[in-house]
1. Starting from a label point 7 Å past Cα on the Cβ side, list the distances from A:T251 to the same position in the other copies, nm, shortest first.
2. With +1 on each Lys and Arg Cβ and -1 on each Asp and Glu Cβ, how big is the dipole of segment A:10-147 about its Cα centre, in debye rounded to the nearest 20?
3. Charges at C-beta only: +1 for Lys and Arg, -1 for Asp and Glu. How large is the resulting dipole of chain A about its Cα centre, in Debye rounded to 20?
4. Put a label point 7 Å from Cα along the Cβ direction on B:E331, then list its distances to the equivalent points in the other copies in nm, shortest first.
5. Could you tell me whether the protein assembly as shown comes out rounded, prolate or oblate from its Cα gyration tensor? Rule is a ≥ b ≥ c as square roots of the eigenvalues, rounded for a/c under 1.5, then prolate if a/b exceeds b/c, otherwise oblate.
6. As an exercise, identify the chymotrypsin sites (Phe, Trp or Tyr not before Pro) in segment A:55-112 lying in DSSP coil whose Cβ has no more than 12 other Cβ atoms within 10 Å.
7. Pull up the DSSP beta bridges for segment B:344-518 and report the antiparallel fraction as a percent, rounded to 5.
8. Leaving out same-chain residues fewer than 8 places away, which lysines sit with a Cα under 23 Å from that of B:K192?
Protein chains: 2
Amino acid sequence: MDSNQNGAESLVRTLVTNDVQVCFTNPGTSEMHFVAALDRVEGMRCVLGLFEGVVTGAADGYYRMAEKPASTLLHLGPGLGNGLANLHNAKKAGSGIVNIVGEHATYHVKHDAPLTADIEGVARPMSHWVKTSPSSKTVAVDGAQAIAVAREAPGKIATLILPADTAWGPGGDIVWAPATPARKKVDEKTIKAAAMALRGSGDRILLLGGVGVRTKALEWAGRIAAKTGCKIAAEYNNARLERGAGRVQTTRIPYAVDAAVTMFRDTQQLVLAGAKSPVSFFAYPEKPSVQIPATCAVTKLVGVEEDILAALEALAHELGATHLAPIGISEHDKPAIPTGPLTQEGIAAVLGALLPEQAIVVDESVSTGRGFARLTTGAAPHDWLNLMGGSIGFALPTSIGAAIGAPGRKVVTLEGDGSAMYTIQSLWTMARESLDVTILVFANRSYQILRGEFANVGGGKPGKRATDMLTLDRPDPDWLSIAKGFGVEAGRATDLDSLVSEFKRGLASSGPYLIEVVL
Amino acid sequence: MDSNQNGAESLVRTLVTNDVQVCFTNPGTSEMHFVAALDRVEGMRCVLGLFEGVVTGAADGYYRMAEKPASTLLHLGPGLGNGLANLHNAKKAGSGIVNIVGEHATYHVKHDAPLTADIEGVARPMSHWVKTSPSSKTVAVDGAQAIAVAREAPGKIATLILPADTAWGPGGDIVWAPATPARKKVDEKTIKAAAMALRGSGDRILLLGGVGVRTKALEWAGRIAAKTGCKIAAEYNNARLERGAGRVQTTRIPYAVDAAVTMFRDTQQLVLAGAKSPVSFFAYPEKPSVQIPATCAVTKLVGVEEDILAALEALAHELGATHLAPIGISEHDKPAIPTGPLTQEGIAAVLGALLPEQAIVVDESVSTGRGFARLTTGAAPHDWLNLMGGSIGFALPTSIGAAIGAPGRKVVTLEGDGSAMYTIQSLWTMARESLDVTILVFANRSYQILRGEFANVGGGKPGKRATDMLTLDRPDPDWLSIAKGFGVEAGRATDLDSLVSEFKRGLASSGPYLIEVVL
C-alpha cells in the first residue's frame, strides 16, 4: 500500500484492483487530480468522449458485453446532466456503471461559483446509489462501495461525487469492494406455480427478459416449449439478445400497440422470466396501456435481478423437459444477397446475408429497422442490443463501449439519422480508438417515427409548421462530410447493390466506417 | 375563447397571448399534440434543434437579447436531461425560460414504460419553479403561472411538465399571466451607505453585474466614478455587457485567481451593484476562494434581481454626481488591421477593427479569448455575452437565440474547438433558419484551459495518458467538413491575412458562416 498517494490515486487504484479497467472520461478542472493519477497507475484504459452522453452510453455498451462495470469521469452537475439521458438508458438496461462526478472542493461549494449545482439532485433520478465523498481518506472506501453497488444484479448505476479536495488530499489504502451477493434463486413453490401455468391448455406464453435471452437460457426455454407447447417471446427491447443460427428463436413483442394487443389476444397464461408484463411504450387516446387481456393470468417465475438461468433450468426439471431438444432453433438460412432499390426488406436481407459470426448489432434503427428480424434469424450467430430507455442518441456511444468490452468482435450499428445527431461526437472517439464499428445511418431526413406517432395520437395530417418540427431536411445532413469531419471513413448507399459493396467495405475494415443509407 | 380547443391548444394560445412568441423544440411522441396545435395557432415561431442542449441554450440567448422569455418543448425526463447544462447556464445568467416538458399520460406513468423517469427530480436542480400540470382544463392556468415566474427579475427558469392527456384532453380558456412585480427599489438608507463607502479615500471599487453593465447603468457608474474617484469593474462573466466606442469601459475581473487577488489587493471598499462579492471559479490547493482581502469592506448597493439602474441613478444623486460627464468612455479607436501569423493579440485586433456596429459577440473562446478586451474596447458599439454557468457548449446554441431575439444584428461567435463539440448540432439549426451568425472556431485541438488547470491544481506536467484526456488530436477535427455536413458554409484561417478575408466574408453573408482558426 502506498501511504503517500492522494485521494484520487487511492480511488483509481481501488477501481483497478477491483477489476474496473476502463474509464470513459470527459473531465474538467475539478477532475484533474483523477486524470493525473491515471499517469501513475497502471491498468486503467482511459477513453475520452467529447460530450458526456458519449461517455455514459459507452459505459452502458461496455457493461452489456464485458459483464462488468466501467467507470465514467464527469465534470460537476452540468457534465452529469449531459450524461443523464444515456444513464437513463443504462439504468433501464440493467447496466452497472461506476459514475464518478467531480465537485468543487468541500469548502468552496458555499461560495456558489458559476458551476455550483445540486449534483446529488441531478444524479438521483438516474442512479440507484448516490454519495458525495466527504474525505480524501475515505474516498477509496466509497469507491469500493460504488463498485459493489454497480455489480449488483442486474447491474446498477452508482454515482460517486468527488469533491476536488477529496481527490488532492492525502488518500487512504486501496480497498476491496464488498462481495456482491449472488443472484437470488427462486423457491420451489414459484417453480411449481409456473409449471402449473404452462401445463394448461390454450395459448400460453413464456416471456423472457434480462439475461433470459442469452443462449443457455433460451435453450431451457426451448425445452420447456417442446414439452408444454407454450410460445416463447421476448420483450420489445432487450439489453442483449443472443440470436441467429443455432439459437432458440423468440418472438419480440411489437412496438405498435394494436399489433402487441393482437399478439396477446388469445393468451390465457403469461409466465414472466426476467420480463415485465407488457405495457405500451406510450399512451395514446383510446388505446390501452396494458397489452394483455384482462382474462390473461400472469405468473412471475423470476425477476430480472434474480437467477433467471437457474429458474428456467429448474422449471424444465419440474416439467420433465430436461432431456428434450429445444424447439425453435434457427437454422443457418442466410438470405440471398439482394439487388435493386433500397427497401426495408432488402436492407434486412443484406444484414442477414453478411452479418459476420459473433457480430454485435447495436440497434437504434427506430422506424427503418422494424422489420429486420425475420431475415436475420438465420444469419451467423450474433448479439442484438436494443435501446432500453427510449432516449435516442444511444447507439453510437453504446457501440463504442461494446467494441471496447468485446475486442475482436465486429460491431454493426443500425442508426436513424435523427437519433445519430444527439451524440454524433461519438464518431471522433471511434476514430481515436480505432474501434471496429460499421455504422449504417438510415437517412430519411426526418423523425420518421414521429410522423407515425403524430397520426397515432390523433393529430391527423401534420401541417407546414408541424412538419418542420418532424423533419431534418433544409438542409439535409451530409453524412459523408460529418463523418470526415470527425475522422471517420464513410461511403454512401443509394441502392441495395451499393449497400452491399459499402457494407462489405465496412466489414473488411478494422476501424470505424460509416455508410449513409439514402432512403 | 374557443371552448373546443384541447389542452395543448389552450397552452399554445396562452403563450402567444402573453407574448411568448418563440418555441425552441425537440419534441417526441408525448409532445405531438403541442406540435399539432402549432399548425392551428398563429404567432408562434417554432425552431427545431436536433439536440436539447441546442434548444435550452437558444432560449438563454433569446432572453438575453429580446428581454422576454421564449418557451422550449422537450421530450420527457431524458430530453430534459440533455437540456440541463444550458438550463444551468441560463439560470446563472438570469435568463427567463418557459420550459415545457412532455410526460406520459397521467394514467400511464404507473406502468413504468421505458421512458418513465422522475421528471420533476431532473428539473428541480436547474429550475426556480416546477409543476406537473394535473388536468387539460387547467394547463393554460399553469402555463400562465410559468410565464409569470419566467419574467420575474432577473429572469427565472419555470418548468411546466405536461402529461400527454393534459395536452389532448379538453382545454380551458386562454389565461393572462399574472402581473410580474416591478424590480424592487432599494431604500434610501442603502443608497446613503453605498455613498458613504465610495466617498472615502483609498482604493474603492464599484463592482457591476446583471443589467448594471448596460449602457445607461454604465453611464451612471461613470458619473459616480467621476465624482468619487472609485474604479468601475465588472464581474468575470456577464450575461450582456454593452461595450465598445461611446460606452463607459469597465475592468473585468480576471479568471486567474492570482490576477484577481492582485486586482483587489489594495481595495478598501467594494460596493456591489448587481454583482456578487468575487470568488474563484474553482478551488485550487493553497489558493483562496475569496478574492478580496479580509480588510476590504463590502457594501451591497443593489441585488441582481432589484432595480439596478434606479439604484445607480439614486446613488449618483446622493453623491451630487448627476451633472458630471461619465468618465471612462471608450473612444472610437479601432486597431489597424494586422498581418502576419495568428496570435491572440492579432485576432483581437481583427475583431476590434472589423466588429460591425451593434454586433452581438457570444464569447466561449475560453483560453484563446482571455486577452481580447483591450483591442476591442474602441470597436463599434456592441454587446458581449459570456458563459455564465461555466458549462461549455453554450455559445453555438446561445448564438441561435441571440440572432432570433435581435433580428438585424450580426452575431459573432467566439468558440473554442472543445466547447463547440458539445452542441455542434447547433450548426444545422443556424442553416435551417438562415441565421446571421459568423463563427470563429479557435482550433487548438485541445482542452487548452485544462492543460493550464492541470498545472494549477498541482498536477505538474501531464504524462501520456493524462495528455490524451486533454487533447482533441488523433484525429484533428476537420471543421470545414463538419460545417459542410450540417449545411453551413465555412472557410479556414491560417494566418491573420486569411482571418481578415474570412471574417469579412462571414460579415458580408446574411447567413451562418464558420471560420476554422487554425492555432
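Read the figures in this text as sums done on the coordinates, not as results from a lab. Please read all numbers here as calculations on a predicted model, not as lab measurements. Cβ sites come from the backbone with ideal geometry, for glycine too, and all protein chains shown count toward neighbours.
1. Shortest to longest, the spacings are 7.8 nm.
2. Numbers: 11 positive and 12 negative charges, 49 e Å.
Dipole of segment A:10-147, to the nearest 20 debye: 240 debye.
3. Dipole about the Cα centre, nearest 20: 1220 debye.
4. 9.3
5. prolate
6. Numbers: sites: A:Y62, A:Y63, A:Y107; in loops: A:Y107.
Taking segment A:55-112 and a limit of 12 other Cβ atoms within 10 Å, the loop chymotrypsin sites (Phe, Trp or Tyr not before Pro) found are A:Y107.
7. Taking every DSSP beta bridge with both residues in segment B:344-518, the antiparallel ones total about 5 percent.
8. Straight-distance partners of B:K192: B:K184, B:K216, B:K227, B:K231, B:K276, B:K300.
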